[in-house]
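The values are calculated or read from the model by the stated rules, or taken from the named source; none is laboratory data. Since the model is a prediction, treat every value here as computed from it, not as a measurement. For neighbour counting, all protein chains shown are included, and Cβ atoms are generated from backbone atoms with ideal geometry for every residue, glycine included.
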Amino acid sequence: MPTPKFPESENAITRRDFFNWVVVGWAGFAAAMGGALTAIGRLFFPNITFEPPQQFKAGFPAEYAVNKVDERFKKRYGVWIVRNERGIYCLSTVCTHLGCTPNWLEGEAKFKCPCHGSGFYSTGINFEGPAPRPLERYRIGRSEDGQIAIDKTVKYQFEKGQWNDPSSFLELA
Amino acid sequence: MATIGNFITSAINAFCQPSILFTASCILFYLVFFRWREKFAEKKTLYWMEGSMGVFIFVSCLNPTFRSVVTKPDNIPIVGMLFLVVFFTWLAVHKMVINDRLIDQGLDVENKKEAKELVFTWPDLVFSEFICSIIAWCVLLIWSIVLKAPLEEPANPVETPNPSKAPWYFLGLQEMLVYYDPWLAGVVFPTLIVVGLILIPFIDINPKGNGYYTFKERKFAITSFLFGFLILWILLIIYGTFLRGPNWNFFGPYEVWDLHKLEVLKNVNLSEYLFRSTGLNGGKLPDNPFLREGLGMVLVIGYFVYGTILLQKKWMKNLYEKMGKPRFYILVGLLLSMGALPIKMVLRWLINLKYIVGIPEWFFNI
C-alpha cells in the first residue's frame, strides 16, 4: 500500500509554530480567567459595608430585668441578652441545627426554632428537636463608662467547655 | 350533631399523629401490595379512592384551619399531586395484576400484543401530543391567573417565618432533618438518594419486567422502591405540608395552628439514657467521647455489619448468589441506610431518642 502524500505549501505551519501558538493561546486564556476571578474575588471585600459593628455597647445592667430574656438587640445585632440572679450573658440568635432564627416564647420559657422545631432553655441549652448543641454565647464585659460591652467576634461554645470562661458571663456582684 | 363532629375531628387529629399515621401507612402499603393487590387493581377501587379523597377534602374545608392550609397557593398543587399519586400507583398495580395473570397462564404480556399493532407517528402520535400540550398550556395559564404567587416579605436574616417551610418537593428532606443531624439528613442522605437512584439500573440485573408491568417477577425491586417513594418521600411531604405548623410542631388537620401549642419533646441522647438511668460511672457522662458514645457506635456499626450478614446468609441468600458480591454489598448498603430513617423516626416517637451517637464537639451525631 503506497503511503499517501500530503501536498506541501509555502506557508505551512510547522510543528514548532503550532506549539508556540498553543502556548500563547493558553497563556492568554489563563490570564483572562485569572483576571476575571480576581475581579470576582474583589467583590467579597466591599469598600463599605452597612452591617452593624461586631462590637457594641448594650446599655447598663440596671436596664435588664432579672430572669428575663431581652430581645431589644435581636433585630439589629442578632443577639439575646439574658440576665439571671448571678449576672448577664449574651446569646447568639443562630440555631445550631441549620441556622434559622428561633423565637423566644415567654409563656413556655424557651427558644423555639420555626424550621425544624429545635428548642432551647433561656440558658441556651438545647433540649428538644434536632439541634445538636446549645446556642453560642458571645464575649461580654464592661466598658469604661460602666455599660455592657459585647464582642461578637469571640464565641463561646458550651460543648467545648468554653462557658466556664469568665468573659462569656458578666458577673454582677 | 356538634358533639359527633367534634368526636370525628378529634379522632382524625389523633389518627394523624406521626407515629400512628406512619404505622398505618406502612400496614396499608403491605396490605395493598401483598394481600389486596387484586382488589386494589379493580377500576371500582380507583373511583372509590379518588372520590372519597375528594369528598374528604371538600367536606373538611368546612373547618377553617383545614381550609386555610389546603387552599394556600403553595399547597394546592400538592393536593393535586395526592390525586395523581393515587392514580399512578393504581395504574401500575392495575397493569401488574393483568400481566401477572397472563404470565401465570403462560401467555404473552399485554404490551407484547400491543407492540404488534403498529400506529403511525402522523397523525396518531403527533395529534395526541398536540392535544396534551394544549391541555398543559391551559392548566398553566389558568393556574397562573387564578392563584397568586406565594411571595413573602423581603428576606431578613434575623427573622425566620414561622413555620418556615422548604419548597414542597424538599419537605421530605426537611422532615428528615428533624430526626437526623444536618450533615446526615442534609448531605449524606440526599447524596445517597441521588447516587442510589442512578445505580438502580446497574444493581438490578433482573431482565424481567423490561418494558412491561409485573409484580410477581420483581417483588423485591418494586416493594423496596415504592416503600422509599410512597412512604419515605410522599408521606413525609404530606407531613410537612399539611401537618406541620408554627414552631414546626405537629398539628392534626383540624387543629388550630396555635403559636403557643405546648408539646413536650424533651429529647435524650442514648448516652444520657445509658449513664443516667443505670447509674454507671456515678450517673455522670464521661468526658471522653469514645467512652460516652461507645454503645451508640457499637449499635450503629452492628446494624450495618450484622444487617449485611443477616441479609447475605439468610433473608436474601438467593439474591446474593445471583447478583455477586459488589452489587449485593452496594444494594445492602443503600437498603440499610434507607432503613435507618424509619428506625430513627420510630425511636424518636417511642423514647424521645435524640442521637444514638452524639458527639457535638466534633459535629458528629447519628
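Each row is one residue, and each column tells you yes or no for (1) within 22 Å of the chain's Cα centre (by Cα); (2) hydrophobic (A, V, I, L, M, F, W, C); (3) over 30 Å from residue B:9 (Cβ atoms); (4) at pLDDT below 85.
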position	(1), (2), (3), (4)
B:178	yes, yes, no, no
B:204	yes, no, yes, no
B:240	yes, no, no, no
B:249	yes, no, no, no
B:262	no, yes, no, yes
**Asked** Can you find a residue in segment B:270-283 that is assigned to a helix (DSSP H, G or I), touching a residue at least 40 places away in the same chain (Cβ under 8 Å) and within 14 Å of chain A (Cβ to nearest Cβ)?
**Response** yes
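Let's see how each residue does on (1) of a type outside the set (Gly, Ala, Ser); (2) touching a Lys or Arg at 6+ places or on another chain (Cβ under 7 Å); (3) more than 30 Å from residue A:77 (Cα to Cα); (4) exposed (fewer than 14 other Cβ atoms within 10 Å of the Cβ):
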| position | (1), (2), (3), (4) |
| --- | --- |
| B:129 | yes, no, yes, yes |
| B:141 | yes, no, yes, yes |
| B:151 | yes, no, no, yes |
| B:161 | yes, no, no, no |
| B:164 | no, no, no, no |
| B:169 | yes, no, yes, yes |
| B:183 | yes, no, no, no |
**Message:** Taking the conditions exactly as written (buried (at least 18 other Cβ atoms within 10 Å of the Cβ), within 14 Å of chain A (Cβ to nearest Cβ), of a type in the set (Val, Ile, Thr) and in a loop (DSSP other than H, G, I, E, B)), does residue B:214 satisfy them or not?
**Reply:** no
**Prompt:** When segment B:165-187 is examined, which residues are found to be free of Cβ contacts under 8 Å to residues at least 40 places away in the same chain and out of contact with any helix residue (DSSP H, G or I) (no Cβ under 8 Å at 6 or more places or on another chain)?
**Reply:** B:167, B:170, B:182, B:187
**Message:** Just to be sure before I move on: is residue B:295 surrounded by fewer than 14 Cβ atoms within 10 Å (Cβ to Cβ), among the aliphatic types (A, V, I, L, M), more than 14 Å from chain A (Cβ to nearest Cβ) and touching a helix residue (DSSP H, G or I) at 6+ places or on another chain (Cβ under 9 Å) in the structure I sent?
**Reply:** no
**Prompt:** What number of residues in segment B:136-167 are part of a helix (DSSP H, G or I) and either basic (Lys, Arg) or within 9 Å of chain A (Cβ to nearest Cβ) (or both)?
**Reply:** 0
**Message:** Just to verify a result, which residue in segment A:75-119, among those that are among the charged types (D, E, K, R) and buried (at least 19 other Cβ atoms within 10 Å of the Cβ), is nearest to the other protein chains (Cβ to nearest Cβ)?
**Reply:** A:112
**Asked** Looking only at segment B:194-211, which residues are part of a loop (DSSP other than H, G, I, E, B) and out of contact with any Asp or Glu (no Cβ under 9 Å at 6 or more places or on another chain)?
**Response** B:204, B:205, B:207, B:210, B:211
**Complete:** Taking segment B:66-100 and keeping only residues that are closer than 21 Å to residue B:42 by Cα and loosely packed, with under 13 Cβ neighbours inside 10 Å, one is left with B:84, B:88
**Prompt:** Which ones in segment B:217-243 are of a type in the set (D, E, K, R) and in a helix (DSSP H, G or I)?
**Reply:** B:219
**Request:** Scan segment B:171-184 for residues that are assigned to a helix (DSSP H, G or I), closer than 18 Å to residue B:359 by Cα and either of a type in the set (Lys, Arg) or within 8 Å of chain A (Cβ to nearest Cβ) (or both) and report the count.
**Result:** 4
**Message:** Can you tell me which of (1) more than 14 Å from chain A (Cβ to nearest Cβ); (2) in a helix (DSSP H, G or I); (3) farther than 20 Å from residue B:344 by Cα is the one residue B:256 doesn't meet?
**Reply:** (2)
**Message:** Can you find, within segment A:55-73, the residue that is nearest to the other protein chains (Cβ to nearest Cβ) among those that are charged (D, E, K, R) and surrounded by fewer than 19 Cβ atoms within 10 Å (Cβ to Cβ)?
**Reply:** A:71
**Request:** Look at residue A:132 and say whether it is buried (at least 20 other Cβ atoms within 10 Å of the Cβ) and modelled with pLDDT of 90 or more.
**Result:** no
**Complete:** Residues of segment A:130-166 being within 20 Å of residue A:94 (Cα to Cα) and part of a helix (DSSP H, G or I), in sequence order, are A:158, A:159, A:160, A:162, A:163
**Prompt:** Just wondering, is there one or more residues in segment B:295-310 that are in contact (Cβ under 8 Å) with a residue 12 or more places away in the chain, closer than 28 Å to residue A:112 by Cβ and not β-branched (Val, Ile, Thr)?
**Reply:** yes
**Message:** When you check residue B:292 against the structure, is it touching a residue at least 12 places away in the same chain (Cβ under 8 Å), among the charged types (D, E, K, R) and in contact with a Pro (Cβ under 7 Å, 6 or more places away or on another chain), yes or no?
**Reply:** yes
**Message:** Could you check segment B:70-115 and list, in sequence order, the residues that are among the polar types (S, T, N, Q) and in a loop (DSSP other than H, G, I, E, B)?
**Reply:** B:71, B:75, B:105
**Asked** Among the residues of segment B:116-135 satisfying the criterion of being of a type in the set (Asp, Glu) and in a helix (DSSP H, G or I), which is nearest to residue B:71 (Cα to Cα)?
**Response** B:129
**Message:** Residues to consider are B:318, B:247; find the one that is among the polar types (S, T, N, Q) and within 14 Å of chain A (Cβ to nearest Cβ).
**Reply:** B:247
**Message:** If I filter segment A:120-139 down to residues being in contact with a Ser or Thr (Cβ under 7 Å, 6 or more places away or on another chain) and either more than 9 Å from every other protein chain (Cβ to nearest Cβ) or among the aliphatic types (A, V, I, L, M) (or both), which single residue comes out as farthest from residue B:261 (Cα to Cα)?
**Reply:** A:139
